[in-house]
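For reference, the structure discussed in these notes is given below.
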Amino acid sequence: MSKEIIKIFDTTLRDGEQSPGASMNTEEKIQIAAQLERLGVDIIEAGFAAASPGDFDAVSKIAQRVQNSTICSLARAIDADIKAAGEAIAAAKMKRIHTFIATSPIHMQYKLKMNPDEVIRRAVRAVEYAREFVDDVEFSCEDAGRSDIGFMKEITDAVINAGASTINLPDTVGFRLPNEIGAMVKEMSEYTKGRAIISVHNHNDLGLGVANSLEAIANGARQVECTINGLGERAGNAALEEIVMALKTRHDIFKDYDTNINTKEIYPTSRLIANITGIEPQPNKAIVGKNAFAHESGIHQDGVLKHKETYEIIRPEDIGLDMEDTLVLGKHSGRAAFKDKLAKLGFTLSDDELNSAFERFKELADKKKDIYDDDIRALITSEMTNIEKAYELVAMQLMDSTGGVPSAAVTIRHNGEDITDAGIGDGTIDAVFKTIDRITGYQGQLIDYKVKSVTQGKDALANVTVKVTFNENEPAIIGHGLSLDTMLASARAYIGALNSYLSMEGMLKLRHTDSTETI
Ligand SMILES: CC(=O)SCCNC(=O)CCNC(=O)[C@H](O)C(C)(C)COP(=O)(O)OP(=O)(O)OC[C@H]1O[C@@H](n2cnc3c(N)ncnc32)[C@H](O)[C@@H]1OP(=O)(O)O
Ligand SMILES: CC(C)C(=O)C(=O)O
Ligand SMILES: [Mg+2]
């Protein structure tokens, strides 16, 4: 008997980006979408097009690029949001608009300030308008976990009649237990049978996102919404890799179901997201944590040596872990091997990007003997941040001593001209950032600073992630910098964030000009 496919709806680029500190630039989002497509995700929620010009741009570019997954944009039940979503995904081969409105008493009364009739009216209008752009419309009863099931049936009837084909029941605040989610999904699936697909979107506030998703599948859900590494608002969303591997590993229980996921792409996808967001999964995280396949104690090691399955329920190779080369390229590697490695790691670069990345790789190979897959990932993701490269670091000199005043002299290239200045600060990093501000004329506010060693050993690369605001009315921007020297990595990260900001600011101006011209 053929198995029923559970659709995997990945929202790493939308709900995942709502994790504090996880914002990504357009180029990074395109790379992630390409990897999600390779992973075999059915639907990629590429963003919330109406949220900002940057989101709109990223969703449109992903829509132009991805061929084998449906591209989706989220939209409130507001015409302007739906129009932005429809326009952003217009070029996609397969496209969906996902519109939502809250249905729980607490959200309707205090947040929306709407009565239930008004909520139904808005939902119907949203779905009807979305159908003017696409055939595939998903409707979400936000906070379904705390909504009245009778009201959800009423609004579901109305939106299905208006043209919605997927009904999503999010446990927005991660409040429900598995048996409760199972009961809700069973009742709604039986009620909508043959009229719509029932989907779930479980948050992890009580650590039950995955358990709730599995119970939903057992009770009739045919789509699950999830994120790589479990990223997402607050405690995050149900983790894609955990749901998929639970279905696969417990095929005795889930024998009637399958997914389109190529599980060998799970580990590479997890690493790509961790590198880009700077958010590492906790070491003991199921499936993709650094310790997920590590056996520490003697009795376990003895058992694994005798027969792996004594302590391993998943084969590392099933999630693509064996494909990680421990030692890869070196200073004698050429462009062909480098390009081949990038393809294996899931990066698709233009010729110009490849040339620039290859130059950086060679510089690195001169200084660092062993280059690992994680070094290459960090190198490429730090390259991607500097999309426009309005400013480029040329040189830097630092002075510090115990009891002295930390100072930095920095040279930056802008429009072909090298500009040098010097400044002092509360520490050397502060001195570097302040000097960069003096040269560029932008006043960055540092919100967060993280430094991580990419691999092990004294010659490990430092990967610095900064979160900076250059205008208090606009969202913070993430920048990554990579170097064997932490100070140099910090300066690169800060300049990367500024370049990202400028490319978005350019877009803002462009959209403003566009709208002025049409008035
Ligand atoms: C559960 C979720 O994850 S929902 C998705 C969350 N994602 C985001 O919020 C994306 C980032 N958000 C943003 O950039 C901004 O919030 C925007 C651009 C969407 C809206 O910004 P603003 O217009 O300034 O509104 P603001 O965020 O202050 O408030 C949200 C408004 O939308 C209303 N709203 C919320 N959800 C919905 C909905 N589904 N349908 C219609 N209206 C809604 C709220 O009631 C509020 O309206 P009010 O201003 O009349 O009180
Ligand atoms: C917009 C919806 C699907 C959501 O993210 C939630 O309710 O958590
Ligand atoms: Mg959510």
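The values are calculated or read from the model by the stated rules, or taken from the named source; none is laboratory data. Not measured: the values here are computed from a predicted model. Cβ atoms come from the backbone with ideal geometry, glycine included; neighbour counts cover every protein chain shown. Note: areas computed on protein heavy atoms with side chains; ligands, DNA, RNA excluded. Shrake-Rupley method; radii C 1.70, N 1.55, O 1.52, S 1.80 Å.
A few remarks follow.
- Residue among Val432, Asn473, Leu272 farthest towards the positive dipole end of the chain, charges placed on Cβ: Leu272
- Angle between the chain longest axis and helix 373-385 axis [Cα atoms, degrees, rounded to 10]: 90 degrees
- Contact order relative to length of the chain, as percent, for alpha carbon pairs under 8 angstrom and 6 or more apart: 11 percent
- Note: relative contact order over the stretch 114-269, using C-alpha pairs below 8 Å and six or more positions apart, is 17 percent.
- Per atom type, the stretch 4-277 shows carbon and sulfur on 50% of its accessible surface, probed at 1.4 Å.
- Taking the C-alpha atoms only, the angle from helix 428-440 to the longest principal axis of the chain is near 90 degrees.
- Computed extension length for Ser2-Lys450: 156.4 nm, one decimal, from 0.36 nm per residue of separation with the Cα-Cα distance subtracted.
- Charge context of Ile439, other residues only, Cβ under 12 angstrom, K/R +1, D/E -1: -2
- Each of Arg360, Arg146, Arg315 has its accessible area taken with a 1.4 Å probe; listed largest first, they run Arg315, Arg146, Arg360.
- Under 16 Å from the Cα of Lys61 - lysines, other chains or at least 8 residues apart: Lys29, Lys93, Lys95
- Sequence-ordered 3J(HN,Hα) estimates for the stretch 354-365 from the Karplus curve with 6.51, -1.76 and 1.60 and θ = phi - 60° stand at 5, 4, 5, 5, 5, 4, 5, 4, 5, 4, 5, 5 Hz, glycine and proline given as x.
- The Ala80 and Lys111 beta-carbon pair, evaluated with R₀ = 25 Å, returns a calculated FRET efficiency of approximately 0.85.
- Cut-off 14 Å (backbone N to label point 7 Å along Cα→Cβ of Asn260), residues of the stretch 120-148: none
- Rounded to 10°, Cα long-axis angle of helix 116-130 versus longest principal axis of the chain: 70 degrees
- Between Arg125 and Asp252, the simple label model (points 7 Å from Cα in the Cβ direction) yields a spacing of 5.5 nm.
- Once both labels are positioned 7 Å from their Cα atoms along Cα-to-Cβ, the gap between Asn355 and Ala286 label points is 4.8 nm.
- Accessible area per residue in Å² at 1.4 Å probe, computed on the stretch 367-458: 55 Å²
- When the P(r) is computed for the chain, the part past 45 Å accounts for 18% of the Cα-Cα pairs.
- Candidates per GluC sites (Glu not before Pro) in the stretch 128-180, loop by DSSP, up to 13 other Cβ within 10 Å: Glu132
- The magnitude of the dipole of the stretch 301-360, with charges of +1 and -1 set on the Cβ of Lys/Arg and Asp/Glu and taken from the Cα centre, is near 220 debye.
- Per-residue surface analysis assigns Thr486 an accessible area of about 60 Å², computed on protein heavy atoms at 1.4 Å probe radius.
- Mean separation of Cα contacts under 8 Å, 6 or more apart, over the residue count of the stretch 217-278: relative contact order %: 25 percent
- When DSSP beta bridges are restricted to pairs lying wholly in the stretch 151-298, around 10% turn out antiparallel.
- Within the straight-line cut-off of under 26 Å between alpha carbons, the lysines reachable from Lys458 are Lys290, Lys331, Lys341, Lys362, Lys367, Lys368, Lys369, Lys450, sequence neighbours fewer than 8 places apart in one chain being disregarded.
- Each residue of the stretch 173-178 is assigned a 3J(HN,Hα), and the resulting list reads 10, x, 9, 8, 9, x Hz, derived from the Karplus form 6.51 cos²θ - 1.76 cosθ + 1.60 (θ = phi - 60°), x at Gly and Pro.
- Alpha carbon convex hull of the stretch 392-508, projected area averaged over orientations, nm²: 7.9 nm²
- DSSP beta bridges in the chain [antiparallel fraction, %, rounded to 5]: 45 percent
- Computed label-point distance, nm, for sites Asp485 and Lys93 using a 7 Å Cα→Cβ extension: 4.7 nm
- Rounded to the nearest 20, the size of the Cβ-charge dipole of the chain about its Cα centre is 480 debye, with Lys and Arg at +1 and Asp and Glu at -1.
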